[in-house]
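Let me begin by presenting the structure, written as structure tokens, before commenting on it.
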Amino acid sequence: MYGSFIILLSEYRVFDRLFQAFSKLGRMALTAYVMQTLIGVLLFYAVGFGLFHKTTQVQDIVIGLRYRDW
């Protein structure tokens, strides 16, 4: 429902400036999500360091807190 409302608003020129402001935030969030996923895959899966089930919970928390802002 909310998605269709936003799509309807995007049809009007009045809201173009508003959507342009939020588009940069969306790109930044997508970049952060992709980088976080790549770091997790490289750390924990076999294509990288393969640390899955090799670290303790405390080590997992430290890794998560260290790389949360990347």
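Laboratory data are not the source of any read-out in this text; all were calculated from the coordinates shown. None of these values were measured; they are calculated from a predicted model.
Of all the Cα-Cα pairs you can form in the chain, what percent are over 19 Å apart? Before the final figure, lay out the partial values.
Values: 1311 of 2415 pairs.
Every Cα pair in the chain considered, those over 19 Å come to 54 percent.
If one takes the longest principal axis of the Cα atoms in the chain, at what angle in degrees, from 0 to 90 and to the nearest 10, does the Cα axis of helix 57-66 lie? Helix 57-66 and the main axis of the chain meet at about 40 degrees.
Note that the range 28-37 has calculated 3J(HN,Hα) couplings of 5, 5, 5, 4, 5, 5, 5, 5, 4, 5 Hz, one per residue in order, obtained from phi through the Karplus relation 6.51 cos²θ - 1.76 cosθ + 1.60 (θ = phi - 60°); glycine and proline are x.
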